[in-house]
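Inspection log for the structure reproduced underneath, given as structure tokens.
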Amino acid sequence: MSPKYSFIIPIYNEEETIAEMYRRVSAVMDRMDGAVELILINDGSRDRSLKLMRDLHDRDSRVCYLSLARNFGHQIAVTAGLNFARGQVIVILDADLQDPPELIPDMVEMWRQGFQVVYAQRSQRRQEGWFKKFTAYSFYRLLKKLADVDIPTDTGDFCLLDRQVVDVLNSMPERNRYIRGLRSWIGFRQTAIRFERDPRFAGDVKYTFRKSLALAINGLVSFSKVPLRLSTYVGLFSAIAAIIMALLVLYWRIFTPSSPLAGYTIILMAIFFLGAVQLVCVGILGEYVGRIYEEVKGRPLYTVGEVGGFVNQQVTARR
Ligand code: UDP
Ligand code: MG
């Protein structure tokens, strides 16, 4: 019989947090009004995480685990979890206890009221560096301005999803998955629940600056065509500037013989400026073309190395 609730937790080198995570999450699981499965996804950890996950599975039959064959990144790990989840209500949370599991019963309460998506919105980040806070703050605002869909600010992947929504998410074939964006794109009845983001329980942030930047670019490019249009605008602007400059030069040549535009500095500057603009535009184009390439190749999103605890044919089919 399939469980009522599925909790999905992606794990990448979290050996220090797993025990405490299990303690707090299982306390919540005990309080739920139906059967719960806890799906742990090992995203190619290089520490003892997988072993700890196996141990948990041996000790508690509600714990299932799924080990990706290498590090595929957080978004793909969550996607894998969504593919394997069997519950009616699916909750995604981080392993580092920055997303308090104690909030889940409140989210379920909202679900009972008829919402199919309940996303957690941070009202505060405790003890995170000013750089992280600043970049995250500006990114979410920029994304909100540029994106075609209304992606709520300051929401992470911590959310509750109804089975109907997960089925839609699973049917979306795209490789570049920005889950918060896809979640907004699909619609349905959505609501926010406010919470204060706690500091990480233990260990280092697994989202390095590079990974965060990649995620940010991914979010922008997947949900907005504004960057492409931007190059058109910059091109138009440069063309207008060039015409004005040409007219000015003509005017000076005719009416003031000692031209103020003597010297090649200004020419050098113009060449550098235009060169830079062109390179940036080619780069932007490349982001989109690269994504088309990724989609066209049509590789599977992830490869599974090992699973434990899933007993239905869907899993054997995927392996
Ligand atoms: N994570 C993952 N794969 C990665 C990076 C992170 O599965 O390549 C997991 C990590 O174990 C944690 C969650 O994603 O459960 C969020 O990571 P982290 O706390 O480092 O990022 P934050 O969003 O808090 O900055
Ligand atoms: Mg974290």
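Structure notes:
- Förster radius 30 Å - calculated FRET efficiency between Val226 and Leu248 (Cβ-Cβ, nearest 0.05): 0.40
- Looking at the chain, the DSSP beta bridges with both ends there are about 35 percent antiparallel.
- Segment 267-281 versus segment 213-245: alpha-carbon centroid distance in Å: 14 Å
- Given their separation in residues at 0.36 nm each and the Cα-Cα distance between them, Asp150 and Lys297 gain 50.0 nm when the chain is fully extended.
- Simple spin-label estimate for Val311 and Leu268 in nanometres, 7 Å along Cα-Cβ: 7.6 nm
- Gaussian network model of the chain, springs between alpha carbon atoms under 10 Å - residue of Gly73, Gly286, Gly181 with greatest fluctuation: Gly286
- Shown in residue order for segment 163-176 are the 3J(HN,Hα) couplings computed by the Karplus curve 6.51 cos²θ - 1.76 cosθ + 1.60 at θ = phi - 60°: 3, 4, 5, 5, 4, 5, 4, 5, 7, 7, x, 5, 7, 8 Hz (x for Gly and Pro).
- Sequence-distant residues sharing a close amide H with Asp99 (under 5 Å, placed H): Asp94
- Listed residues Thr155, Thr265, Thr17, most fluctuating in the chain (Gaussian network, C-alpha, under 10 Å): Thr265
- Per-residue Karplus couplings for segment 228-233, computed as 6.51 cos²θ - 1.76 cosθ + 1.60 with θ equal to phi - 60°, are listed in order as 5, 5, 4, 5, 4, 4 Hz, Gly and Pro entered as x.
- Placing dummy labels 7 Å off each Cα toward the beta-carbon, the span from Arg24 to Ser258 is 7.5 nm.
- Just checking the listed ones, Ile217, Ile193, Ile254: in the Gaussian network model of the chain with Cα springs under 10 Å, the one fluctuating most is Ile254.
- Long-range Cα-Cα pairs in the chain (distance over 38 Å), rounded percent: 26 percent
- For the chain, a crude dipole built from +1 on the beta carbon of Lys and Arg and -1 on the beta carbon of Asp and Glu, taken about the Cα centre, is about 760 debye to the nearest 20.
- Remark on Arg48: its backbone amide H falls under 5 Å from those of Glu15, a criterion applied only to residues 5 or more positions apart or on other chains, H modelled at 1.01 Å from N.
- Ordering Thr135, Leu228, Ala202 by the projection of their Cα atoms onto the charge dipole of the chain, which places +1 on the Cβ of Lys and Arg and -1 on the Cβ of Asp and Glu, puts Leu228 at the extreme positive end.
- If you plug the beta carbon distance of Ile240 and Glu109 into 1/(1 + (r/R0)^6) with R0 = 51 Å, you get a FRET efficiency near 0.35.
- What the phi angles of segment 100-105 give under the Karplus curve with 6.51, -1.76 and 1.60, with θ = phi - 60°, is a coupling list of x, x, 5, 7, 4, x Hz, glycine and proline written as x.
- Cβ charges +1 (Lys, Arg) and -1 (Asp, Glu), total dipole of segment 149-304, debye: 160 debye
- Structure note, pairs Lys51/Lys206; Lys144/Lys297; Lys225/Lys297; Lys144/Lys225; Lys132/Lys297; Lys145/Lys206: Cα-Cα distances above 24 angstrom occur for Lys144/Lys297; Lys132/Lys297; Lys145/Lys206.
- Put a plus charge on the Cβ of each Lys and Arg, a minus charge on the Cβ of each Asp and Glu, and nothing anywhere else: the dipole of segment 61-140 about its Cα centre is then about 180 debye.
- Percentage relative contact order, the chain, counting C-alpha pairs under 8 Å, at least six apart: 22 percent
Read the figures in this text as sums done on the coordinates, not as results from a lab. The shown structure was predicted, so the numbers you read here are calculated from the model rather than taken from an experiment. FYI the Cβ positions are ideal-geometry reconstructions off the backbone, even for glycines, and counts take in every protein chain you see.
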